[in-house]
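A short worksheet on the structure shown next.
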Amino acid sequence: MTIQEAQERVDAWIKRYGVRYFSELTNMAVLTEEVGEVARVIARRYGDQSSKPGDDLDLADELADVLWVVMCLANQTGIDLDAALERNFAKKTSRDSHRHLDNKKLTNQ
């Protein structure tokens, strides 16, 4: 599925099951919460933090939750994420095409 198709599916789901989009401010708070859940999984699976009984450490699901809310925000603010991502690739390529290649800290040790 393309990003555009995913945005359309999120929009259709919201309109069918979600009644309406939460406000942009509420969705920003929800996005922050979802990113925190990604951080919790990373800290417990890959970091030094111990898991607790009953922890759900499904990173794929948590990342999908982040994408969902990002698509909600894009939909409700009229942003085409396909086009935005293309512009972002062009910006990063123009700005950073040599920056990381020349970074001695990133070379194999």
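Test GLU62 against the criterion of being open to solvent by less than 90 Å² (accessible area, probe 1.4 Å) and of a type in the set (Asp, Glu), and give yes or no. Criteria met by GLU62.
Does VAL19 meet the test of being surrounded by fewer than 17 Cβ atoms within 10 Å (Cβ to Cβ), farther than 14 Å from MET71 by Cα, within 12 Å of the chain's Cα centre (by Cα) and among the aliphatic types (A, V, I, L, M)? Taking the combined requirement at face value, the residue does not satisfy it.
Have a look at ALA43, ALA12 and point out the one that is small (Gly, Ala, Ser), exposed (fewer than 12 other Cβ atoms within 10 Å of the Cβ) and out of contact with any strand residue (DSSP E or B) (no Cβ under 8 Å at 6 or more places or on another chain). Show your work before the answer.
Values: ALA43 fails: exposed (fewer than 12 other Cβ atoms within 10 Å of the Cβ).
Answer to the selection: ALA12.
Would you pick out the residues in the stretch 60-107 that are at pLDDT below 90 and not in a helix (DSSP H, G or I)? Outline the logic, then answer.
Pass one, the stretch 60-107, residues at pLDDT below 90: 96-107.
Across the stretch 60-107, the qualifying residues are SER97, HIS98, ARG99, HIS100, LEU101, ASP102, ASN103, THR107.
The numbered conditions (1) open to solvent by 70 Å² or more (accessible area, probe 1.4 Å); (2) in a loop (DSSP other than H, G, I, E, B); (3) of a type in the set (A, V, I, L, M, F, W, C) are all true for LEU57 except (1).
Figure legend. Inter-residue proximity from the stretch 7-26: first residues in contact (Cβ under 8 Å) with a residue 40 or more places away in the chain, second residues aromatic (Phe, Trp, Tyr) and open to solvent by less than 100 Å² (accessible area, probe 1.4 Å), beta-carbon distance below 6 Å, spacing 6+ or different chains. Indicated pairs: ILE14/TYR21. Mind listing whichever residues of the stretch 8-44 are touching a Cys at 6+ places or on another chain (Cβ under 9 Å) and of a type in the set (S, T, N, Q)? Matches in the stretch 8-44: ASN27 only.
Please determine, by comparing only the residues of the stretch 26-40 that are charged (D, E, K, R) and open to solvent by less than 90 Å² (accessible area, probe 1.4 Å), which one is nearest to the chain's Cα centre (by Cα). Quick ask: steps written out before the conclusion?
We begin by selecting, within the stretch 26-40, every residue charged (D, E, K, R); these are 33-34, 37, 40.
With the extra rule that they be open to solvent by less than 90 Å² (accessible area, probe 1.4 Å), the set shrinks to 34, 37, 40.
Values: GLU34: 9, GLU37: 12, ARG40: 15 Å.
Here the answer is GLU34.
Would you confirm, using the coordinates I've provided, whether ALA74 is under 14 Å from the mean Cα position of the chain (by Cα) and small (Gly, Ala, Ser)? So ALA74 passes the test.
The values are calculated or read from the model by the stated rules, or taken from the named source; none is laboratory data. These numbers come from a predicted model, not from an experiment. Because the Cβ atoms are built from the backbone with ideal geometry, glycine has one as well, and the counts that use them run over all protein chains shown. Keep in mind that these areas ignore ligands, DNA and RNA; they rest on the heavy atoms of the full protein, side chains included. Shrake-Rupley method; radii C 1.70, N 1.55, O 1.52, S 1.80 Å.
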